Amino acid sequence: MRFLAKVHVTLKPGVLDPQGKAVGGALRNLGYAQVGEVRIGKYIEVTLEAESQELAQAQVREMAQTCL
């Protein structure tokens, strides 16, 4: 069966995010004073073949931990 995995990759908590800080500052400068912390990440779609949803999820978790 074919599956589509949607993976959101973000920095670990506590890791400095200069892009997020820059975007947060820009939003506040534009008048959005209520904006708190902004974190930037990536969105990745992976299409894969697997015998079941459980196996597909396990494969995607392994991919994310080793490569993404």
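Criterion first (modelled with pLDDT of 95 or more and within 18 Å of the chain's Cα centre (by Cα)) does Tyr32 satisfy it? The answer is no for Tyr32. Does any residue of segment 31-44 turn out to be without any contact (Cβ under 8 Å) to a residue 12 or more places away in the chain and basic (Lys, Arg)? Within segment 31-44, none of the residues are without any contact (Cβ under 8 Å) to a residue 12 or more places away in the chain and basic (Lys, Arg). Cβ-Cβ contacts under 7 Å between residues 6 or more apart (or on different chains), taken from a first residue in segment 1-15 that is of a type in the set (Ser, Thr, Tyr) to a second residue that is assigned to a loop (DSSP other than H, G, I, E, B), are listed as Thr10/Arg39. Entry remark, segment 33-61: residues being more than 14 Å from Lys6 (Cα to Cα) and either out of contact with any Gly (no Cβ under 9 Å at 6 or more places or on another chain) or surrounded by fewer than 10 Cβ atoms within 10 Å (Cβ to Cβ) (or both) number 10 in total. Within the option set Gly31, Gly36, Gly14, being within 26 Å of Ala64 (Cβ to Cβ), of a type outside the set (D, E, K, R) and in a loop (DSSP other than H, G, I, E, B) holds for one residue only, Gly14. The residues in segment 15-32 that are surrounded by fewer than 10 Cβ atoms within 10 Å (Cβ to Cβ) and of a type in the set (D, E, K, R) can be counted, and the count is 0.
The values are calculated or read from the model by the stated rules, or taken from the named source; none is laboratory data. As the structure is a computational prediction, the values presented were derived from the model and not from experiment. Neighbour counts are summed over all protein chains in view; Cβ atoms, including those assigned to glycine, are modelled from backbone coordinates with ideal geometry.
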